[in-house]
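Written below as structure tokens is the structure these notes are about.
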Amino acid sequence: MNTTALPPPQTGSTDRTVAARSVAAAAGRVLLAAIFLLSGFSKIAQPEGTIGYIASAGLPFPELAFAAALFVEIGLAAALVVGYRTRLVAGAIAAFSLATAFGFHFNLADQNQFIHFFKNVAIAGGLLQIVAFGGGALSLDARRQA
């Protein structure tokens with residue numbers, strides 16, 4: 001059973017509808033991954049500042065947390081773009097998004113932190129949609145199943 005592709009078309013669906021759903025799934029993966037890729041590359045450009053920010057949040061081993069953030073934001077986001085192990089990757093990035101929301105943006109009295117907190121929660125919600133429905137027909141997962 002192919003669990004990574006989109007569900008079969010409903011009665012009355014056209015080939016154009018199926019194609020549009022496939023493109024939408026791929027575009028959704030790219031758009032969700034974009035924020036992580038940009039964040040990851042900005043961390044590479046300013047490692048000292050990022051490590052200092054992690055340390056200021058009180059997290060232990062800030063250098064290790066920095067490396068983990070790079071893995072998620074660049075490695076896993078790239079996997080999300082191409083649709084490789086999409087459900088697992090999306091679940092891991094969703095967990096990362098929630099962890100960063102609570103670890104770095106939980107000062108809800110500060111409007112900026114309030115916005116970032118709920119942005120992370122919303123992104124996790126979008127990623128959970130990918131966990132639920134897979135990467136779509138235009139993903140490496142779909143090609144592996146074929």
When restricted to A109, A92, A79, A124, the only residue assigned to a helix (DSSP H, G or I) and free of Cβ contacts under 8 Å to residues at least 12 places away in the same chain is A79
Condition set among the hydrophobic types (A, V, I, L, M, F, W, C), within 22 Å of V18 (Cβ to Cβ) and under 11 Å from the mean Cα position of the chain (by Cα), scope region 116-146, selection surrounded by the most Cβ atoms within 10 Å (Cβ to Cβ): answer is I130
Restricting region 48-66 to residues that are loosely packed, with under 14 Cβ neighbours inside 10 Å and free of Cβ contacts under 8 Å to residues at least 12 places away in the same chain, the one nearest to G91 (Cα to Cα) turns out to be L64
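Can you tell me which residue among L6, L59 is touching a Lys or Arg at 6+ places or on another chain (Cβ under 9 Å) and modelled with pLDDT under 95? Step through it out loud before you land on a result.
On the way: L59 fails: touching a Lys or Arg at 6+ places or on another chain (Cβ under 9 Å).
Among L6, L59, only L6 is touching a Lys or Arg at 6+ places or on another chain (Cβ under 9 Å) and modelled with pLDDT under 95.
Yes/no matrix, rows are residues, columns are (1) touching a Phe, Trp or Tyr at 6+ places or on another chain (Cβ under 9 Å); (2) within 13 Å of I130 (Cα to Cα); (3) of a type in the set (K, R); (4) not in a helix (DSSP H, G or I):
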| position | (1), (2), (3), (4) |
| --- | --- |
| V18 | no, no, no, no |
| V30 | no, yes, no, no |
| S39 | no, no, no, no |
| I44 | no, no, no, no |
| E63 | no, no, no, no |
| Y84 | no, yes, no, yes |
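The values are calculated or read from the model by the stated rules, or taken from the named source; none is laboratory data. Everything quoted here is computed from the prediction, not taken from an experiment. Cβ sites come from the backbone with ideal geometry, for glycine too, and all protein chains shown count toward neighbours.
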